[in-house]
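To start, the structure under review is shown below, and the notes come after it.
The values are calculated or read from the model by the stated rules, or taken from the named source; none is laboratory data. These numbers were taken from a predicted model, which means no experiment stands behind them. No Cβ is skipped: glycine too gets one built from the backbone with ideal geometry, and neighbour counts run over all protein chains shown. When the accessible area is computed, the model is the full protein with side chains, heavy atoms only, and any ligands, DNA or RNA have been set aside. Shrake-Rupley method; radii C 1.70, N 1.55, O 1.52, S 1.80 Å.
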Protein chains: 2
Amino acid sequence: MVQNTTSTQLRRGVIGPCILVLLSTGPRFGLQLVRELDAVGGLLTSQGTVYPLLNRLHDGGLVTSHWEVDKGERPRRYYRITDAGRAEAETFRGDWEHFSHSVSTLLTHLTPATTESETN
Amino acid sequence: MVQNTTSTQLRRGVIGPCILVLLSTGPRFGLQLVRELDAVGGLLTSQGTVYPLLNRLHDGGLVTSHWEVDKGERPRRYYRITDAGRAEAETFRGDWEHFSHSVSTLLTHLTPATTESETN
DNA sequence: AAAGTTATCATGCGGTGCAAGGTATCGTCA
DNA sequence: TGACGATACCTTGCACCGCATGATAACTTT
């Protein structure tokens, strides 16, 4: 049974763009992204989320990947954002601003007052 | 093909609680909720979203419903929030605040300019 | 009657987050 | 050499929910 928390659903459509935003500041490998998303409260994810997501981003041409095998280090697959990925990240910034503003407006404009049926 | 916009995914897990928030100010019927959510930019929905959602909320005991058949008016099914629904709505307020703050933090703290890391 | 508007409802699809499970490499200890 | 834990990668399948689509019904208008 999958946990049906509110947060789980809220994360929909957000983690992917967030990964792109992270990658826009420099290449990273998978577990690194998991840790960074975890560090930002509320964006906690699991590896089972990040790796399929990275595959999708890769298939979509939003990121590239290359193996880096240094001595004394485990082989790591680094993901680097592409121009298309940057564009997508920028688009998301606008989408998120618009969307979050709408939700916040609805939440703040309506105070949970008494039940008064209005017929405007 | 279903439209796969970013907004579509962003709405996940938001519309339900938003409906609860709306209902916390007074009972409404289905189409009324559609119009009000549509009025708040970015939360546009269709009837095919709202009615199944109301059923889910009803099954979950978060709302009750009662038919209202006034003369000179079409029969309308009004939905009223329950105490459990109010609690859920309040929980969502907290969840949303936490979540949106996390995302906004990630978006603003990272400017897409730098690429100051290695291997440019 | 016929057509349009308003309202409710059911069905099925599709994307995505996530749990669960698996493989491979490295360092350490004995 | 072998065992073990930590790190890092990856796959599979499920469940949820927004949405397109279409049906039904009642009231109003033509």
Could you state the angle between the C-alpha long axis of helix B:83-109 and the longest principal axis of the C-alpha atoms of chain B, as a value from 0 to 90 degrees rounded to the nearest 10?
-> 20 degrees
Round to the nearest 10 and give me the degree value, 0 to 90, for the angle of helix B:30-39's Cα axis relative to the longest principal axis of chain B.
-> 30 degrees
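Order A:Glu68, B:Glu97 by their accessible area, 1.4 angstrom probe, all chains in place, largest first. Please list the in-between numbers first.
Numbers: A:Glu68 55, B:Glu97 125 Å².
Most to least solvent-accessible, the answer reads B:Glu97, A:Glu68.
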Normalised by the number of residues in chain A, what is the relative contact order in percent for Cα pairs under 8 Å and 6+ residues apart?
-> 25 percent
Normalise the Debye intensity by I(0) for region A:6-108, one equal point scatterer per Cα, no solvent, then take log10 at q = 0.10, 0.15, 0.17, 0.23 Å⁻¹ and round to two decimals.
-> -0.30, -0.64, -0.80, -1.30
Once the label point is placed 7 Å from Cα along Cβ, list for A:Gln47 the distances to the corresponding points in the other copies, in nm, shortest first.
-> 4.9
From the Cα centre of region A:26-48 to that of region A:56-88, the distance in Å is 14 Å
Copy-to-copy label separations for A:Trp67, where each label sits 7 Å from Cα toward Cβ, in nm and ascending | 6.7
Say a label goes 7 Å from Cα toward Cβ at B:Thr105 in every copy; what distances in nm does this one have to the rest, shortest first?
-> 2.7
Give the long-range amide H neighbours of B:Phe29: residues separated by 5 or more places, or on another chain, with amide H under 5 Å away, using H modelled in the peptide plane at 1.01 Å from N.
-> B:Tyr79
Dipole magnitude of region B:6-106 about its Cα centre, charges +1 at Lys/Arg Cβ and -1 at Asp/Glu Cβ only, in debye to the nearest 20?
-> 280 debye
Which three extents, in whole angstrom, do the alpha-carbon atoms of the protein assembly as shown cover along their principal axes, largest first?
-> 80, 32, 31
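If I take R0 = 51 Å and measure r between the Cβ atoms of A:Asp70 and A:His98 in this structure, what FRET efficiency does the formula 1/(1 + (r/R0)^6) give, to the nearest 0.05?
Numbers: r = 43 Å, r/R0 = 0.84.
In this case the efficiency is close to 0.75.
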Measuring from the longest principal axis of the C-alpha atoms of chain B, the long axis of helix B:47-59 (C-alpha) lies at a number of degrees, nearest 10, equal to 70 degrees
iface B-A | buried accessible area, total | probe 1.4 Å | Å², round 100 | 4100 Å²
